[in-house]
1. Among (1) over 18 Å from the mean Cα position of the chain (by Cα); (2) under 20 Å from Asn211 (Cβ atoms), which single condition is Val72 missing?
2. Every residue in segment 118-133 that is out of contact with any helix residue (DSSP H, G or I) (no Cβ under 8 Å at 6 or more places or on another chain) and part of a helix (DSSP H, G or I), please.
3. Looking at this structure, is Phe195 out of contact with any Leu (no Cβ under 8 Å at 6 or more places or on another chain) and over 27 Å from Leu34 (Cα atoms)?
4. Of the residues Asp161, Asp157, Asp143, which is of a type outside the set (S, T, N, Q), at pLDDT below 95 and in contact with a strand residue (DSSP E or B) (Cβ under 7 Å, 6 or more places away or on another chain)?
5. Output the residues belonging to segment 22-49 that are surrounded by fewer than 18 Cβ atoms within 10 Å (Cβ to Cβ) and within 19 Å of Trp217 (Cα to Cα).
6. Check segment 154-167 and report whether any residue there is surrounded by 12 or more Cβ atoms within 10 Å (Cβ to Cβ), among the basic types (Lys, Arg) and assigned to a loop (DSSP other than H, G, I, E, B).
7. Counting just the residues of segment 183-217 that are polar (S, T, N, Q) and surrounded by fewer than 20 Cβ atoms within 10 Å (Cβ to Cβ), which one comes out nearest to Leu172 (Cα to Cα)?
8. With the requirement that a residue be touching a Leu at 6+ places or on another chain (Cβ under 6 Å) and in contact (Cβ under 8 Å) with a residue 60 or more places away in the chain, what does segment 97-110 give you?
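The values are calculated or read from the model by the stated rules, or taken from the named source; none is laboratory data. Just so it is clear, the structure is predicted and the values come from calculations on it, not from any experiment. With ideal geometry, Cβ positions are generated from the backbone for all residues, glycine too; neighbour counts draw on all protein chains shown.
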Amino acid sequence: MTREPRDAPQFYLTSPAPCPYLPGRAERKVFTHLIGLRAPALNDTLTQSGFRRSQTIAYRPACEHCRACVSVRVKIEEFVPSRTQRRGMRCNADIVGEARPARATPEQYALFRRYVATRHSDGGMADMSMVDYQMMIEDSHVDTRLIEYRVLPDAQDGNADRLIACCLTDRLADGLSMVYSFYEPQLEDRSLGTFMILDHMRRARVAGLKNLYLGYWVEGSRKMAYKARFLPQERLGTDGWVRVD
């Protein structure tokens, strides 16, 4: 009799819950645990299959009548920034990013709280405590870093050495995956979300990686519309990854 290995992943299905992207719809997710020595390889395989990571959980939408959530990855080697994106990089030339071990700090948490209160006050993260935040950042069995973005120490605008953005990032065999990012909401004119994506593409290119995984793009969702601006990209459908120019 053939036996399944004891450490083979087990998959589970959640109960229906309100969809956070499309009003009036319900979502379900299939998920498994990312723990132990096999977690990095499993995270690679699942991310390439449309899963996302949250702490030690890998999940993917499994809605019965909806396929709106589409995994997106940008093709690093072929990406050329638009004029607007190049202008944004120049405007943020006074920002430096540093990859650090995934460790939570009070400074990060304060920035996270300001971001969530301004951008997602009605979401599931609105009541996260410092302990909750620490678990989100540190509870990982894969190759994870936290990229901290600060204004250069010699800046003259009052923001010198200020922490203004963070991104929790996984290193995969074929690319980088932006797990979660947040930034100073008062600096909206800097387009820090776009800046972090462009910076991650630069980091992936330097590391010789081919893809930047941005998570799910949802057609019709204003929250996710920005992901369509990074081309060329591939979107995961029923027939595999399909190129979009």
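1. (1)
2. The answer is Val131, Asp132.
3. yes
4. Exactly one of Asp161, Asp157, Asp143 is of a type outside the set (S, T, N, Q), at pLDDT below 95 and in contact with a strand residue (DSSP E or B) (Cβ under 7 Å, 6 or more places away or on another chain), namely Asp161.
5. Leu22, Pro23, Gly24, Arg25, Ala26, Arg28, Val30, Ser49
6. Yes; the residues of segment 154-167 include at least one that is surrounded by 12 or more Cβ atoms within 10 Å (Cβ to Cβ), among the basic types (Lys, Arg) and assigned to a loop (DSSP other than H, G, I, E, B).
7. Going residue by residue through segment 183-217, those that are polar (S, T, N, Q) are 186, 191, 194, 211.
Checking the rest, the ones that are also surrounded by fewer than 20 Cβ atoms within 10 Å (Cβ to Cβ) come to 186, 194.
Details: Gln186: 32, Thr194: 21 Å.
Taking the candidates together, the pick is Thr194.
8. Correct list: Ala102 only.
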